[in-house]
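Have a look at the structure below, then the notes.
Read-outs: derived from the displayed coordinates by stated rules, not from any lab. Every value quoted in this text rests on a predicted model; they were computed, and no experiment measured them. We place every Cβ from the backbone using ideal geometry, glycine too, and count neighbours over all the protein chains shown.
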Amino acid sequence: MLEGTRQYEISFLTLREGDKETVKAVIAGAQGEILSEGRYAEIRLAYPINKQTSAFFGSIVFSALPEKAPEIEKKLRFAEGVLRSLIVTPVPAKPTKSFASEEAPKAEKKETEAEVKSAPVDDNSLDEKLQEILG
């Protein structure tokens, strides 16, 4: 990826199978770089779009400058053969915590939950606990 570019994912519906190339051409025309392509298959639409009851659904992950995303979206809105498109930024992965001090309480909690799950429960103790909770 070039400096200053962001990663985007576009999902789209097209009339014909070959219209996927139109979407790729619009991305390339805006100096976007295609990183990966998702599955592309014919689907049945939940409601008609432009009197069509089926369409081809696909997705592409690409990188482009932030100011080019609205341009791509506008061009696809008027592109022949493209019924709908939506550009989103993928959600970044949550960082994992690697502090040893934070890992210790989690281990203790898991042991406590395991003990509770393995302890036998009878109806009387369950009724008492419900009465205590409900007050």
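Side notes on the structure shown:
- Summary of packing: across the peptides 81-88, 19-26, the per-residue average of other C-beta atoms within 10 Å ranks them, highest first, as 19-26, 81-88.
- Of every Cα-Cα pair in region 6-88, the percent that sits beyond 20 Å: 27 percent
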